[in-house]
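The values are calculated or read from the model by the stated rules, or taken from the named source; none is laboratory data. Not measured: the values here are computed from a predicted model. Because the Cβ atoms are built from the backbone with ideal geometry, glycine has one as well, and the counts that use them run over all protein chains shown. Accessible surface areas use protein heavy atoms only, side chains included; no ligands, DNA or RNA. Shrake-Rupley method; radii C 1.70, N 1.55, O 1.52, S 1.80 Å.
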Amino acid sequence: MATERPTSDKKRYVCQLTLWAVFWVWGTYGFLADDVFRQLQPMRSMLMLALDAIIALMACIVVRRLWAWGCIALFMALSWLCTCVFNPESTLFWVNGLREFVGLLMVYPVVLFIIEEERSRERFLDTFDRQGLYFIMVQGFCIIVQWFMYGAGDLVGGGFGHYFSGQTSVTIYLISFALIRRRIDNEHFIQSLNENKIYIILLLPTFLNETKVSFVMLALYFLLLAPVDRKLLMRLMVIIPLLAMLTTVGLGVYNYTTQLSQSGTNFNSLEDAVAYFVLDDLEKVEGDARWNIENNRGRADVPRISKLMYLAVLNEQEPGHVVTGFGIGQFKGGTQLAQSDFAREYDWLLMGSVPYVFHLYIQLGLLGLVLFVCYAIFIARKYPLGAHRDVNLQLMLLAVALLVCLYNDMFRNLAFCIVFFTLLATSWMSDEEKNLQ
């Protein structure tokens, strides 16, 4: 036993270093390839494959929790049936599709392995404090540079690269929220906010990329920052005016940047807002999208709600896929592997912003939605290494998960998954940590 503990600690430390290396490469390569060294763009697909393989290999080496392997095995078996038996896709196509779920299924048990010993947990949290702060600073720098280059819009995706604007903004809010939560003194709440205002200031770049979700995240950020106790009313008297002020500043920055770049969406009426989120006539969705592909450099972005509504039409056009979907891998291909027949025919529907429930339904049908809900409930159970919840942090994670279901497919993003599941794992506290709050 004397030699086993140092060996185990070293393994956890190596896992921690590897996890952060993957996080930084994933979270900055897009900016480097899209805006600095464009010669790197052809390597992007292979690099992302390598990062997926590193996480999968690390999970195979260190994860010993039977429930984790049970979830992974069940998903692999059912997704293979949906892809290769109920749909005519190849095993290679299925393997490539599995990459989309590496972060969702494997990051959490890897993080649990790293923090299951007290010494390793403290080291990991200390590292997260530094890495998280550096990361949101780097993202802010990248966003500002991209805004000067392109103006407010989808190309302002921070370190993640072009068309990752929403994912970058949500990741910044999550990290900032976790960092400031760890430093808030509930007995001196107002003073703590002032002492840690750097984490709030670093949110401002999120209003430069024409991402409406930033306003939702800003509201969640401040409403969930204060603990629910007898002093809540007094804290809300500070939080609500602060939230109103920052919202006003954010709207001002948003309106100024979008008008300056002439790339934003102006909401002059309720009809404008409805038109942005959902089209009036589903019969025109495909025609409008194909026109955009031909006249917008091969890109189209059907409104999110329209995509969800169009599923009823799709079920009529392609019967027999409600339960099992069309197989995993429909959102990949086109670089190293060929796209499926379905992906080629409905490319106009699959590209652009994709709500995660749409992402799951297309590939795994109702079965995929049920699996996701069951998995979410299962991993949200009481964490075995800590008896206390950080309720505010867990409510933030729940709100983000629900937001992702209707907003974006962020659980495909390995860097986002590392942040999300790190915060989920560390939201369970020991008695000592609880007493320090």
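Odds and ends about this structure:
- For Leu32, net neighbour charge (Lys/Arg +1, Asp/Glu -1) across residues whose Cβ lies under 13 Å away: 0
- Note that segment 323-330 has calculated 3J(HN,Hα) couplings of 7, 10, x, 10, x, 6, x, 5 Hz, one per residue in order, obtained from phi through the Karplus relation 6.51 cos²θ - 1.76 cosθ + 1.60 (θ = phi - 60°); glycine and proline are x.
- Potential lengthening between Phe37 and Leu125 on full extension [0.36 nm per residue; Cα-Cα distance subtracted]: 28.4 nm
- Extents of segment 283-418, largest first, come to 55, 32, 32 Å (Cα atoms, principal axes, whole angstrom).
- Across the accessible surface of segment 1-97, with the other protein chains kept in place and a 1.4 Å probe, carbon and sulfur atoms take up 74 percent.
- Here the gap between Glu195 and His388, fully extended at 0.36 nm per residue and compared with their Cα-Cα distance, gives a gain of 66.8 nm.
- A simple count of charges around Pro109, restricted to other residues whose Cβ falls under 12 Å of its Cβ and scoring Lys, Arg +1 and Asp, Glu -1, yields +1.
- Surface per residue (accessible, 1.4 Å probe) for segment 135-227, Å²: 32
- Calculated from backbone phi, Karplus (6.51, -1.76, 1.60) coupling profile of segment 155-165 in Hz, x at Gly/Pro: 6, 8, x, x, x, 5, x, 4, 6, 10, 4
- Measuring nothing but protein heavy atoms, the accessible surface of segment 287-370 at 1.4 Å probe radius is 53 percent carbon and sulfur.
- In this structure the amide hydrogen of Val156, modeled in the peptide plane, comes within under 5 Å of the amide hydrogens of Tyr163, none closer than 5 places in sequence on its chain.
- Taking one quarter of the surface of the convex hull spanned by the alpha-carbon atoms of segment 85-134 gives a direction-averaged projected area of 5.3 nm².
- Taking other residues whose beta carbon is less than 14 angstrom from the beta carbon of Arg123, and scoring Lys, Arg as +1 and Asp, Glu as -1, yields -1.
- Ranking of Val63, Val391 by solvent-accessible surface, largest first: Val391, Val63 (1.4 Å probe, protein heavy atoms only, all chains present).
- For Arg389, the residues whose amide H sits under 5 Å from its own are Met429, ignoring neighbours fewer than 5 places away on the same chain, with H placed 1.01 Å from N.
- Cα-based Rg and Dmax for segment 150-215, where Dmax is the largest Cα-Cα distance (Å): 13.8, 45
- Using the alpha carbons alone, the radius of gyration of segment 67-220 stands to its Kirkwood radius in an Rg to Rh ratio of 1.08.
- The residues of segment 1-108 expose, per residue, 51 Å² of accessible area to a 1.4 Å probe.
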